[in-house]
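Every number here is computed from the coordinates shown, using simple stated rules; none is lab data. Worth saying up front: this structure is predicted, and the values here are computed from it rather than measured. So basically every Cβ, Gly included, is an ideal-geometry build from the backbone, and we count neighbours across all protein chains shown.
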Amino acid sequence: MPMADYTSPFQAELPDHPYVCLMPGASTVAKAWEPEHFRETARLLSARGLLPVVLGGPAERDLGAFVAGDHGLNRCGDTLVEAAAWMQGASGAVGNDSGLSHLAAACGTPVLVLYGPMDPGMFTPFGPAVRTIQRDPLPCMPCGKDHCRVAGHPCLRDLTPGRICAELEPLLR
């Protein structure tokens, strides 16, 4: 299958500073990495000299503000073409198994996609620099459920912010 190749028509005023897009939203609770982990990832990226830019829909503005904290920029609520413009200028991106991760891949952005209950082999975004990460298999994986039935949501729990930053590092442009 050919790679998607999308260029946003929107001309965003992007920072001169290198930045990484974080996309903490997901269509279901089971696909969502903990907001606290995204926030810690934002802190770690900031400590490495990268500006975290949080992308998401209008309903995710509060989530974006929490993740960005004092370390990043909350762009949740931007349109998809605006988000795509931010992705195209980014050094990389980290997101859940979500539409924005697919958009980042289509924009050619190096993207690390976090998988929990779904099979990444079936749902991996197509792009020139896409990497998926999933913890070691559990007997319940992949379940494809909207809500985890196992206490502590173990399929995403073991993906730590430090590990995510280490996995993202070789992808960055």
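Quick notes on this structure:
- Cα centroid separation, the stretch 1-79 to the stretch 81-104: 8 Å.
- Net dipole in debye of the stretch 19-171 [+1 Lys, Arg Cβ; -1 Asp, Glu Cβ; about Cα centre; nearest 20]: 120
- Considering only A93, T28, H17, and ranking their Cα positions along the charge dipole of the chain that arises from unit charges at the beta-carbon of Lys, Arg, Asp and Glu, the one farthest toward the positive end is T28.
- Extension gain (nm, one decimal) between V81 and T7, 0.36 nm per residue minus Cα-Cα: 25.8 nm
- Under the criterion of Cα pairs below 8 Å and six or more residues apart, the relative contact order for the stretch 1-78 equals 29 percent.
- Put a dot 7 Å past the Cα of R131, heading toward its Cβ, do the same for D119, and the two dots end up 2.5 nm apart.
- Taking the Cα centre of the stretch 8-70 as reference, the dipole from Cβ charges on Lys and Arg (+1) and Asp and Glu (-1) amounts to some 140 debye.
- Highest to lowest packing among 102-109, 82-89, scored as the average C-beta count within 10 Å: 102-109, 82-89
- Taking the convex hull of the alpha carbon positions in the stretch 22-95 and averaging its projected area over all directions gives 4.5 nm².
- Selection from G162, A129, G108, by position along the positive dipole direction of the chain (Cβ): G162
- Relative contact order of the stretch 19-171, pairs being alpha-carbon contacts under 8 Å that are 6 or more residues apart, as %: 25
- Calculated SAXS-style log₁₀ I(q)/I(0) at q = 0.17 Å⁻¹ - the chain, Debye, Cα scatterers: -0.99
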